[in-house]
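See below for the structure under consideration.
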Amino acid sequence: MITVYGIKTCGSVRNALKFFKDHNIEVEFFDFKQKSPTPEQIKDWTKKSDINVLFNNKGTKYKTLNLKELNLDENGKYEWLCKEPLLFKRPVIEFNDKLIVAWNEEEYKKVFL
């Protein structure tokens, strides 16, 4: 099963969900606004993808929390991701034992088609 993590109002998440729908690929959607991934799950994700890829330092939430001033190290980024799932670069997609982060149509075609 493919699980897409994100928020429905995010353009990248909408693109990913449309990609899966257009290719008749069934996915489960996990809404970061409804619930948060567990710290253990986030730790597992950081083993599959660099935390600097997972952590969105260009998004609105990052800016409104003034996190740039904190100069976060990897541990700091992990702690913030555990507290605030809207800091994830979206979408985060779990597929088999892989983790795909962000919208990239060419990569999706290679992995899912």
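What single numbered condition from (1) among the charged types (D, E, K, R); (2) part of a loop (DSSP other than H, G, I, E, B); (3) in contact with a strand residue (DSSP E or B) (Cβ under 9 Å, 6 or more places away or on another chain) fails to hold for residue 33?
Exception for residue 33: condition (3).
List, please: which pairs have Cβ atoms under 9 Å, are six or more places apart or on different chains, and start with a residue in segment 12-41 that is under 19 Å from residue 84 (Cα atoms) and at pLDDT 95 or above and end with one that is surrounded by 13 or more Cβ atoms within 10 Å (Cβ to Cβ) and of a type in the set (Lys, Arg)?
If the second residue must be surrounded by 13 or more Cβ atoms within 10 Å (Cβ to Cβ) and of a type in the set (Lys, Arg), the pairs left are 12/89; 12/90; 13/90; 32/90.
With 54, 81, 67 as the choices, which residue is over 27 Å from residue 1 (Cβ atoms), surrounded by 12 or more Cβ atoms within 10 Å (Cβ to Cβ) and not charged (D, E, K, R)?
Just one listed residue meets the conditions, 67.
So that you can scan it fast, the table gives a plain yes or no per residue for (1) without any contact (Cβ under 8 Å) to a residue 40 or more places away in the chain; (2) among the acidic types (Asp, Glu):
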residue	(1), (2)
50	yes, yes
62	yes, no
93	no, no
96	yes, no
112	no, no
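If I filter segment 15-36 down to residues being farther than 18 Å from residue 61 by Cβ and of a type in the set (D, E, K, R), which single residue comes out as farthest from the chain's Cα centre (by Cα)?
In this case the residue turns out to be 22.
Identify the residue in segment 47-71 that is hydrophobic (A, V, I, L, M, F, W, C) and more than 10 Å from residue 89 (Cβ to Cβ) and, among all such residues, is farthest from the chain's Cα centre (by Cα).
The first filter runs over segment 47-71 and keeps only residues hydrophobic (A, V, I, L, M, F, W, C), leaving 51, 53-55, 65, 67, 70.
With more than 10 Å from residue 89 (Cβ to Cβ) added as a condition, the list becomes 51, 65, 67, 70.
On the way: 51: 11, 65: 18, 67: 18, 70: 22 Å.
Per the criteria, the residue is 70.
Among the listed residues 107, 79, 84, which satisfies the condition of being without any contact (Cβ under 8 Å) to a residue 60 or more places away in the chain, over 16 Å from residue 37 (Cβ atoms) and charged (D, E, K, R)?
The unique qualifying residue is 107.
The values are calculated or read from the model by the stated rules, or taken from the named source; none is laboratory data. Note that this is a predicted model, so its numbers are computed, not measured. Ideal geometry is used to build each Cβ from the backbone, glycine not excepted, and the neighbour counts take in all protein chains shown.
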